[in-house]
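Only one structure is covered here, and it is reproduced in the block below.
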Amino acid sequence: MTGVIVGFPNKDNAANIRNLLVRGGIDVIGVCTTGAQIMHYADTVDGGVVVCGYKLKDMMYTELREYLPDSFEILLIASPARWSEGSIEGVIGLSMPIKVYDLLNTMDMMLRTVERRRKKRKQEKKNRNPEQQELIKKAKELLMARNNMSEGEAHRYLQKHSMDSGTNMVETAEMVLSIMNE
């Protein structure tokens, strides 16, 4: 899931930005005044955009960028002098005062970019190397032999347990092999 988090040191400013985004059809998962709060919300989603000011109560936007996962981007709302000092990867700036139209269009562009990256990462995960494919094949064969399953049933078993445990299929296959070979 992609999330939008709003963070400003002044709670009223954060609420106003959130209201603009929500009226524009963008879901906001959290409104924060500190970088620590933003990090907490960031841990609950797969990626997204943080809309913030130059300085939060506990850190600057540059520190926040370092702490956030690569699956997040920052939309910095500040005077051009604050964000034109140096281009930082994953940070896009909007100058104050902001126009609602610019805010919504920039957010739309950023959310599409984050979603494209997330889909690309998922695609890359599915491309397994030969060793990983062999490991999954061995786990399926073991399940078929010991539990009298068809290949489809063994595959679904690995898939289901992979999703239930929050691990990928390769890790689940490794667990099956280690448990059943004892």
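The values are calculated or read from the model by the stated rules, or taken from the named source; none is laboratory data. This structure is a prediction, so every number in the text was calculated from the model and none was measured. Here the Cβ is made from the backbone with ideal geometry for all residues, glycine too, and neighbour counts use every protein chain on show. For the accessible areas, the whole protein counts, side chains as well, though only heavy atoms, and no ligand, DNA or RNA atoms are used. Shrake-Rupley method; radii C 1.70, N 1.55, O 1.52, S 1.80 Å.
Descriptive notes on the structure:
- GNM top mover of 60, 169, 110 - the chain, alpha-carbon springs below 10 Å: 169
- Of 99, 119, 137, the residue with the greatest mean-square motion in the GNM of the chain, using alpha carbon springs below 10 Å, is 137.
- Fraction of antiparallel bridges per DSSP, the chain only, in percent to nearest 5: 5 percent
- For region 1-93, the equivalent ellipsoid derived from the Cα gyration tensor has semi-axes of 18, 15, 13 Å, listed largest first.
- Per-residue extension of 0.36 nm, minus the Cα-Cα distance of residue 19 and residue 122, leaves a gain of 33.9 nm for this segment.
- Amide H contacts of residue 91 (H built 1.01 Å from N, under 5 Å, at least 5 apart or other chain): 74
- Sequence ranges 47-59, 16-28, ranked by mean other-Cβ count within 10 angstrom, highest first: 47-59, 16-28
- The chain, relative contact order in percent, only Cα pairs under 8 angstrom and at least six apart counted: 16 percent
- Listed residues 117, 82, 156, most fluctuating in the chain (Gaussian network, C-alpha, under 10 Å): 156
- Considering only the Cα atoms of the chain, their convex hull presents on average a projected area of 13.0 nm².
- Listed pairs 137/160; 140/160; 55/119; 119/140 exceeding 21 Å between Cα atoms: 55/119; 119/140
- Distance between the pseudo-spin-label points of residue 36 and residue 100 (7 Å out from Cα toward the beta carbon): 3.6 nm.
- Taken about its Cα centre, region 30-182 carries a charge dipole of roughly 460 debye when the Cβ of each Lys and Arg holds +1 and the Cβ of each Asp and Glu holds -1.
- For region 156-171, 3J(HN,Hα) per residue [Karplus equation, 6.51 cos²θ - 1.76 cosθ + 1.60, θ = phi - 60°, Hz, x = Gly/Pro]: 5, 4, 4, 4, 5, 5, 5, 5, 4, 8, x, 10, 7, 5, 5, 5
- Farthest toward the positive end of the dipole of the chain, out of 28, 172, 100, is the Cα of 100, where the dipole comes from beta carbon charges about the Cα centre.
- Angle in degrees between helix 130-147 and the longest Cα principal axis of the chain, rounded to the nearest 10: 50 degrees
- Heavy-atom surface analysis with a 1.4 Å probe gives region 1-137 a carbon and sulfur content of 49 percent of its accessible area.
- Relative contact order, whole percent, for region 120-180 stands at 37, derived from Cα pairs under 8 Å and 6 or more residues apart.
- In this structure region 64-182 gives 68 Å² per residue of accessible area when probed at 1.4 Å with all protein chains present.
- Long-range amide H partners of residue 51 with built H, under 5 Å: 5, 6, 7, 75
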